[in-house]
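Visitor: Dumping the structure here so I can ask a few things about it.
Bear in mind these aren't lab numbers, they're just calculated from the coordinates by the rules spelled out. The model shown is predicted, which means the values in this text are computed figures rather than measured ones. Every residue, glycine as well, gets a Cβ built from its backbone with ideal geometry; the counts of neighbours run over all protein chains shown.
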Amino acid sequence: MNKISKDDFLKRLQCVHSATSVNGTKYLSIQTNGRICTGIRESTGLCFTIDVDKLYSAYYELERINTKTLKKYVNRVQSPSLAILIEAKLA
């Protein structure tokens with residue numbers, strides 16, 4: 001699979017404003033600003049923050065992306081990270 005540049009990766013993330021996990025959890029109010037992606041878990045109302053540099057590293061380095069493989073890159077926010085990558089058609 002051909003990987004895209006970091007600039008194109010950021011552009012795709014910036015188009016994602018909501019996403020749903022593989023288990024059906026909904027993430028809302030997603031915004032990507034520079035190196036941070038934030039959003040809210042609909043079920044709990046809790047905010048999450050994802051380091052975009054680490055997420056790009058995971059995207060670029062991993063052959064198979066799932067919550068297990070994402071853990072070492074974005075520990076504790078694997079599910080929203082994966083949902084966002086899927087919504088952006090990057091996983």
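Visitor: Looking at segment 63-86, which of the residues that are polar (S, T, N, Q) and in a loop (DSSP other than H, G, I, E, B) is surrounded by the most Cβ atoms within 10 Å (Cβ to Cβ)?
Guide: Result: N66.
Visitor: Of everything in segment 1-29, what is free of Cβ contacts under 8 Å to residues at least 24 places away in the same chain and in contact with a Ser or Thr (Cβ under 7 Å, 6 or more places away or on another chain)? Give them in sequence order.
Guide: Selection gives Q14, K26, L28.
Visitor: Ok, one more. Here's a check for you: in segment 48-62, which residue that is of a type in the set (S, T, Y) and in contact with a helix residue (DSSP H, G or I) (Cβ under 9 Å, 6 or more places away or on another chain) is surrounded by the fewest Cβ atoms within 10 Å (Cβ to Cβ)?
Guide: Here the answer is Y60.
Visitor: Which residues, counting only those in segment 1-47, are surrounded by fewer than 11 Cβ atoms within 10 Å (Cβ to Cβ) and either within 11 Å of the chain's Cα centre (by Cα) or part of a loop (DSSP other than H, G, I, E, B) (or both)?
Guide: M1, N2, S5, N23, G24, G34, S43, T44, G45, L46
Visitor: Here are some residues: Q31, Q78. Which one is touching a Leu at 6+ places or on another chain (Cβ under 8 Å) and not charged (D, E, K, R)?
Guide: Exactly one of Q31, Q78 is touching a Leu at 6+ places or on another chain (Cβ under 8 Å) and not charged (D, E, K, R), namely Q78.
Visitor: Residues that are within 9 Å of the chain's Cα centre (by Cα) and free of Cβ contacts under 8 Å to residues at least 60 places away in the same chain: does segment 61-70 have at least one?
Guide: no
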